[in-house]
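Below is one structure; the comments refer to it alone.
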Amino acid sequence: MKSVPFKIIFAAAVLSTNLLAQPIAVLASSHGDVLIKRMGRDAFSEKAALGVSLNNGDAVKVGALSYASVMYINDKSVVKLRENTQLQLMDTQNTRTVDVDFGTMLSTVMKEGRRKTFRVQTPSSVVSVIGTEFASIVDPISGVDQFIGKSGNFDVMNMASGQTVSVGPGQKAVSNAVGNLVQAPATPGEYPPDPETTPYEQGPKPSEREAPKKSTQTKPKQQNQTKPQPQKEAAPQEDKKQETETEPETQPDEPDAPDSGVEGKKPPAPPKKPFGMGLGIGSATLDGVLYNQLSLRPEVNIGKLGFGLDLVIYLDNEGNIRPDEWDIKNDPSMLLDKILFIRYADKTDPAWVKYGSIDGMTLGYGGLMSGYSNMMEFPSVRRVGINTGFNLGPVSGEIFLANVKDFSRGGTLIGFRTAYTISDNFPLSIGMNFVTDANMFSGLKDRDEDTFPDVFDDFPDDSTLWNDTDGDGWPDPGQGSSVPDSLIDIDADGDNIVDGNENADEILLKATPFSLQENKASVSGWAVDIGYPLLQSSIIDLTVYAEYNSLSFPASVASDTVSFNRPERSGTGLSIPGVRSSLFGLLHLSLEYRLINGSYVPQFFDQSYDLNRVVTQSFAGATSIQTKDMFVFTDSSGTTSSQGLFGSASLDLFSLATFSASYANMRMDTTDYKSFYAFINLNAENIPKVSTAMAYYQRNNDDNPFDFENPTVNTVMGYRVGYELSKGVSLIWDFRQYYRDDGTGKLQPIKQTTVETAFNF
C-alpha cells in the first residue's frame, strides 16, 4: 500500500516552495496508449503528446504494447516506461522522487548538473541514486520489487524492515512487503530491453484482446496472448512444465498415502531436471546463537543417479564465520554434512536407494509411521539418513534409518516394510512393518560428544570436562587423566575452604552426569496389514483393509533414579474395517474404525517425532528427562482402552491445487484424543510469477487440535512460497515453526525462516 504520510509531506513541501506549477520534465518519446494525470486531477484524462511538459506532481500511465520516456529538464536524466507501467514525478527543494505504482522502469540518472538527491519509491522500497543506470520492476500484487543494476551503484532500502543493501553492475536487489531484502547476482539477459530499440511485437487490437473468449474454443496460442509479459515473451508451455515438475527436496509428502504396495502400483516418477541451483539466504539459531545463513545448494541428475549438496556458511552479528561446519581437517565426518542427498533410481524401479534427507516416510497404512521427516530441524540440526528398497514382481520391500550419526550414540530410528501381492487375478496384499528407536536419548544434544548431554554438561564444548559444582568456571577434580592439575578447582564445592584442608566426606560434589553411554530408552513397534481392491476402474477405486499395530516401551531407569524413570509400557491398536476410495483419480477418501488397548497411539512416529522423542525439564535446580511416551501416556498400568474414527481426504483440483487433510477422534473413558493434519499445494504452473506455493499444519493427540492460539509440543506448521523473478530464477520463502519446552514447563516457539534465490537450468 502506498505510503500516505509521504504524500502529505510531499504536498506540503511543493506548496511551501511554490514548485507546483513549474515544469520539471518533458515527454521525450511515446508509443501507443500513454496518458497523463495532472496534479490535483482524479483521472488520467490527458492523452500524451510528444514534447509535452510535465509539471511537479504529474503522473504518467503506459498501457499494453506501449512505451514512453521522460527527460528531466535541468540534468537530462531519463526514465523509460515499459508497457503496463504507472508512475508520478515528485520534486521537493532537495529531493527528486519517481514514485512507481507498478510496472517496469529503466532509469539513466546523470550525475553532472544535478543538485537534488534522486530517489525511486515503490510501495515497499526506496532507491537512492547518485548516478547510474538501472531497472525497477514493481509488482504490487505479490508485493515484490526488483532493482537491477547496469552501471554505477545505488542503495535499496526496505521500508518495512529498514534493511539496506548496495547494488552494483550485474547485481540485483529483491525487496518485498513483509520486510525481506536480498542482494543476488543478476542472470544474463535479465535486464529488461529498451522499449525504443526493441519494439513490442504487434499484438491484437485492444478490442480483440478484451473480447470474451469462448470457453469451448480456447486454444493454447490464445491463452498466451491474454496478458503480455513486461520483460520477455512467455516461454513455451513445455519449458514451464519442466521447471515445475520437481518437488523441493524438503517438501513434506501427504501423510496417509502408503509407500509400499498396499494400493496397487505407483505411477512413474516425473523426470528430474539435469541441474538445479539454490542460493539460500536467511537465519538459523545454532546452540542458542542467531546466525545469518548463506548456503549454496547445487543439484545434479544424470540418468537414474542424482545428488545434492548443502554448502553453508554461518555469520554472526559481527560478520565472523562460524568455523564449526568447516573444521574438516580435525573432523573428516563433516564432509557428510555437505551432502544433502545422493540417490539412485526411484521407488518405482526394481531397486533404489537414497542417502541424506528423508521426507514424508509412511509405512503401510500409517498405523505406526506416517509422514516422518528427518529434516524438521534442518539446517540447525543435520540428520543423514538412508532409504532403500526393491520391487520384484509380487514382492516389495523397503528399509530406512533416520540418522547415520546416531549409531555412535547408541542407536537411531530404523524401520522396514515388506509386502506380497498374491496375483493379478486375486490382488490380495499382505504386509508387515517394523520400527524401532534403539535409544531415544540420542536425540539429546551433545556438542562435544563426551556422552554427557549438553543439558547435564557444565562444559558442553570441552570433551575433557563436565562438572563444575560451584559454578565458578573451574572444573571439579576427577574429570579425566588429560586434564592438568593447574585447571582443577581447589575449592570445588565453593565453601571457601581449600578442598585439601577438608575431610573427603565434607566435600559435596556433583555426581557423574547422565551419560548416553550408560543409559538407554528404546521403543519398538510392529504391524501386519491386509488389503483387497474391491473395485478398480477409471471412475472409482475401492479398497478395504485391516491393520494390527503393537508398540512396546521397555522399562528404563537412570542410575540416579531422578533424571529418568520410565516404567514398562505396551499397547496395541486394530484398524478394522478400513476403507479407501478414489473417484475419477481426483478425490481420495479414507475411513477406518480404531480399537486401542494399553499404551498405543496411532502414528507414534510422525512428522514431529524428532522434535519430541526426548525432552528435558528443569525444576528447583534438578533436570529430568521425558521420552515421548511419558507425556503421551499418563497411565502406565496398560489397562486403558479407547476407540474412535479416523478419516482423511485429498483432492486434486484439476491440476490447479492439491489439498489433503486427516482427522482422528479417539475416546478413552471420558477423555478425547484428537489429531489433525492439513496440507495444501498450489500448482504454480497455472499461477503467473509463482514457482511454488504450499503450506501445512499438524497437531497430534491433543484435546483440541483446532485451538490455534494455544499450541502444544505436538504442533508443527510451515509454508513455502516461491516468486519467479525470471525464467529459471525464483525467490523462495521457507518458514517452519514448532514448539519446545524451555525446561520450566513453558512452551518456546522455534521459528526457522530462510530466503532462497533458486536457479534452475
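The values are calculated or read from the model by the stated rules, or taken from the named source; none is laboratory data. Note that the structure is a prediction, hence the values are computed from the model and not measured. Virtual Cβ from ideal backbone geometry, glycine too; neighbours counted across all protein chains shown.
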(message) For the stretch 291-313: of the residues being in contact (Cβ under 8 Å) with a residue 40 or more places away in the chain and not in a strand (DSSP E or B), which is surrounded by the fewest Cβ atoms within 10 Å (Cβ to Cβ)?
(response) K304
(message) Quick check on my filter: what residues within the stretch 698-735 are hydroxyl-bearing (S, T, Y), surrounded by fewer than 19 Cβ atoms within 10 Å (Cβ to Cβ) and within 21 Å of G179 (Cβ to Cβ)?
(response) Y719
(request) Could you name every one of the strands (runs of 3 or more DSSP E) located completely within the stretch 108-165 that has at least 2 residues being over 14 Å from S77 (Cβ atoms)? (result) 125-129, 133-139, 144-151, 154-158
(message) Being in a strand (DSSP E or B) and without any contact (Cβ under 8 Å) to a residue 24 or more places away in the chain: is that true of L534 here?
(response) yes
(message) Can you pull out every residue in the stretch 113-143 that is modelled with pLDDT under 85 and within 21 Å of R82 (Cβ to Cβ)?
(response) P140, I141, S142, G143
(request) Filter the strands (runs of 3 or more DSSP E) completely within the stretch 539-651 down to those with at least 2 residues that are aromatic (F, W, Y), out of contact with any Leu (no Cβ under 6 Å at 6 or more places or on another chain) and at pLDDT 85 or above. (result) 540-553
(request) Would you mind finding the one in R41, R82 that is under 22 Å from M110 (Cβ atoms) and among the charged types (D, E, K, R)? (result) R82
(request) Under 8 Å between Cβ atoms, at least 6 apart or on separate chains: pull out the pairs that start in the stretch 317-342 with a residue that is without any contact (Cβ under 8 Å) to a residue 60 or more places away in the chain and within 20 Å of G385 (Cα to Cα) and end on any residue that is part of a loop (DSSP other than H, G, I, E, B) and among the acidic types (D, E). (result) M334/D327; D337/D310; K338/D310; I339/D310
(request) Go through (1) more than 18 Å from E190 (Cβ to Cβ); (2) assigned to a strand (DSSP E or B); (3) touching a residue at least 24 places away in the same chain (Cβ under 8 Å) one by one and return the number of the condition Q93 breaks. (result) (2)
(request) Quickly run through the stretch 675-703 and pick out the residues that are at pLDDT below 85 and either closer than 30 Å to R594 by Cα or assigned to a helix (DSSP H, G or I) (or both). (result) A684, E685, N686, N700, N701, D702, D703
(message) Looking at the structure I just gave you, is D493 outside the structural domain of R382 (by TED's automatic domain parsing), in contact with a Ser or Thr (Cβ under 8 Å, 6 or more places away or on another chain) and among the acidic types (D, E)?
(response) yes
(message) Can you pull out every residue in the stretch 72-85 that is surrounded by 16 or more Cβ atoms within 10 Å (Cβ to Cβ) and farther than 18 Å from Q121 by Cα?
(response) D75, E83
(message) Filter the stretch 314-325 down to the residues that are in contact with a Lys or Arg (Cβ under 9 Å, 6 or more places away or on another chain) and surrounded by 15 or more Cβ atoms within 10 Å (Cβ to Cβ) and list them by number.
(response) Y314, E325
(request) Could you tell me whether the stretch 419-432 includes any residue that is in the same structural domain as S570 (by TED's automatic domain parsing), among the acidic types (D, E) and either more than 23 Å from E325 (Cβ to Cβ) or touching a strand residue (DSSP E or B) at 6+ places or on another chain (Cβ under 8 Å) (or both)? (result) yes
(request) Just give me the residues in the stretch 682-693 being crowded, with 21+ Cβ neighbours inside 10 Å and either closer than 20 Å to Q752 by Cα or not assigned by TED's automatic domain parsing to the domain that holds F633 (or both), in sequence order. (result) T692
(request) Being hydroxyl-bearing (S, T, Y) and in a strand (DSSP E or B) is the filter here, so list the residues in the stretch 704-725 that pass it. (result) T715, Y719, Y723
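Every residue, every condition in (1) out of contact with any helix residue (DSSP H, G or I) (no Cβ under 7 Å at 6 or more places or on another chain); (2) surrounded by 11 or more Cβ atoms within 10 Å (Cβ to Cβ), yes or no:
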site: S486; (1), (2): yes, no
site: D491; (1), (2): no, yes
site: N496; (1), (2): yes, no
site: D505; (1), (2): yes, no
site: L508; (1), (2): yes, no
site: E518; (1), (2): yes, yes
site: V523; (1), (2): no, yes
(message) K227 - would you say it is modelled with pLDDT under 75, surrounded by 11 or more Cβ atoms within 10 Å (Cβ to Cβ), charged (D, E, K, R) and out of contact with any Ser or Thr (no Cβ under 8 Å at 6 or more places or on another chain)?
(response) yes
